[in-house]
């Protein structure tokens, strides 16, 4: 693994009030269109209704209307689990996390479990792991485990040289940022020592630690039978 120095990080420009207002108007406009489409669908179009409901929920969550987003995303999640659509199920968990409701951390844990267990788009998995990093105290090892898992998933699942290059850069950036805030790492030598010390180069160890983090997030609030789903996974 390579340490990404601060000079390689892209600048993040602050968002102006005008840009915030324009984004809010865009989300509101999209939401109105989605509601029209959803209302026009017959009950027989269950799959499409749930897809639209999830899109509506995402817009509501981004508009900080999490109380309205929650039931839409929660019902969509149940449908996607029942029909074994793992990627939209993980995306529904992310929306439930973004809704910022009492069960949002449990939703994040379950989304991470789905996104790591099933071979979905690695970008969805990495996004969920970034949320975990954002919600983890700077000195806790959980963020390091999440970043190492993101890098592992990028290497494992990226399709094509372009996506592999982009995701590798992004996940190395994640690791570098976590190393700085966790242990004030500022050089490749320090980074290599940090990786070795925390065993972040050993998937068989950090994935077990990720499972324990997920258990802490979810507690006893699992919304699907994790053991039953795991038992149906094909043997490697």
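Just a few scattered comments:
- The criterion of being buried (at least 19 other Cβ atoms within 10 Å of the Cβ), more than 15 Å from residue 98 (Cα to Cα) and either within 23 Å of the chain's Cα centre (by Cα) or not assigned by TED's automatic domain parsing to the domain that holds residue 95 (or both) holds for residue 31.
- Residues of the stretch 200-235 satisfying the condition of being loosely packed, with under 13 Cβ neighbours inside 10 Å and over 30 Å from residue 179 (Cα atoms): 220, 225, 227, 228, 230, 231, 232, 233, 234, 235
- Applying the criterion of being assigned to a loop (DSSP other than H, G, I, E, B), in contact (Cβ under 8 Å) with a residue 24 or more places away in the chain and surrounded by fewer than 21 Cβ atoms within 10 Å (Cβ to Cβ) to the residues of the stretch 80-102, the residue that is farthest from the chain's Cα centre (by Cα) is 83.
- The lone criterion from (1) at pLDDT 95 or above; (2) under 26 Å from residue 233 (Cα atoms); (3) surrounded by fewer than 21 Cβ atoms within 10 Å (Cβ to Cβ) left unmet by residue 114 is number (3).
- Residues located in the stretch 153-173, provided they are surrounded by fewer than 22 Cβ atoms within 10 Å (Cβ to Cβ) and under 20 Å from residue 193 (Cβ atoms): 172, 173
- Criterion applied to 105, 72, 129, 77 was being crowded, with 16+ Cβ neighbours inside 10 Å, in a helix (DSSP H, G or I) and either more than 16 Å from the chain's Cα centre (by Cα) or at positive phi (or both), and the one residue passing it is 72.
The values are calculated or read from the model by the stated rules, or taken from the named source; none is laboratory data. Quick caveat, the model's predicted, so the values are computed rather than measured. Positions of Cβ are backbone-derived with ideal geometry, glycine not excepted, and every protein chain shown enters the neighbour counts.
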